[in-house]
Amino acid sequence: MSDRIPSATVARLPRYLRCLSDMAQETSTTSSEAIAEVAGVNSAQVRKDLSYLGSHGTRGVGYDIDELRAQIRKALGLVSDHGVVIVGAGNLGSALANYRGFENWGFKIDAVVDADEQKIGRQVDGLVVESMSDLEKIVEERSIRIGIIATPPQVVQLVADRLMDAGIKSILNLAPATIKPHEGVSVRRVDLSTELGILAYHLKR
């Protein structure tokens, strides 16, 4: 496996992993063409991306799906569970806490926190919503390294700073606001409004 995988390739690897998981229900091997068709890229790109993992397939046979899934999971760091804290126990945060699909990818929701006294103490899928004032203690005691922000946009940077100061190294931001990360912290933003805007453009065409 290459020590340095290009960021564009890293962004496609989870897509390949999901495709392979679906394929595994019907077959044990696959081709770059089959992966490309499902993933929405060309086969040459698939082969190049997988070559960074040290996987080149077997002529006439293709790729062993289980082996390839294991290689991708290793490259993405999904070989062990990752603890996650969700900040924001509103509709979006609660929905995420109730989503079972994270466990299949090695992510475990260890805590849901909120600053709203009316939400603290409520049950969300077996988890008790905890106080934002205890964030640092929660992160340290449970060895959490990933934070998901599902708060109003006006407090996003404040929440992000608290997470990063507490030792969080990776943040998924679901709020419509930009985060200025500390050095060594990775931030990904998912803006549903932007994605819907792109869909609206394609509808118009």
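The values are calculated or read from the model by the stated rules, or taken from the named source; none is laboratory data. Since the structure is predicted, the reported quantities are computational estimates derived from the model, not experimental observations. Because the Cβ atoms are built from the backbone with ideal geometry, glycine has one as well, and the counts that use them run over all protein chains shown.
In the set (1) among the aliphatic types (A, V, I, L, M); (2) outside the structural domain of Arg12 (by TED's automatic domain parsing); (3) farther than 15 Å from Asn173 by Cα; (4) touching a helix residue (DSSP H, G or I) at 6+ places or on another chain (Cβ under 6 Å), Ile138 fails one condition alone, (4).
Of the residues making up the stretch 157-171, one or more are within 27 Å of Glu195 (Cα to Cα), part of a loop (DSSP other than H, G, I, E, B) and out of contact with any Pro (no Cβ under 9 Å at 6 or more places or on another chain).
Among the listed residues Lys119, Lys137, identify the single one that is within 15 Å of Gly167 (Cα to Cα), more than 23 Å from the chain's Cα centre (by Cα) and either modelled with pLDDT under 95 or not polar (S, T, N, Q) (or both). Testing whether each residue is within 15 Å of Gly167 (Cα to Cα), more than 23 Å from the chain's Cα centre (by Cα) and either modelled with pLDDT under 95 or not polar (S, T, N, Q) (or both) leaves just Lys137. Could you list, in sequence order, all residues of the stretch 28-37 that are surrounded by fewer than 16 Cβ atoms within 10 Å (Cβ to Cβ) and within 24 Å of the chain's Cα centre (by Cα)? Within the stretch 28-37, Glu37 is the sole residue that qualifies.
Within the stretch 172-190, being surrounded by fewer than 16 Cβ atoms within 10 Å (Cβ to Cβ) and assigned to a strand (DSSP E or B) holds for Ser186, Arg188. Out of the residues in the stretch 113-146 that are among the small types (Gly, Ala, Ser) and out of contact with any strand residue (DSSP E or B) (no Cβ under 8 Å at 6 or more places or on another chain), which is farthest from Gly93 (Cα to Cα)? Residue satisfying both the conditions and the ranking: Ser133. May I ask you to verify whether Thr9 is polar (S, T, N, Q), more than 16 Å from the chain's Cα centre (by Cα) and crowded, with 17+ Cβ neighbours inside 10 Å? Answer is no for this residue.
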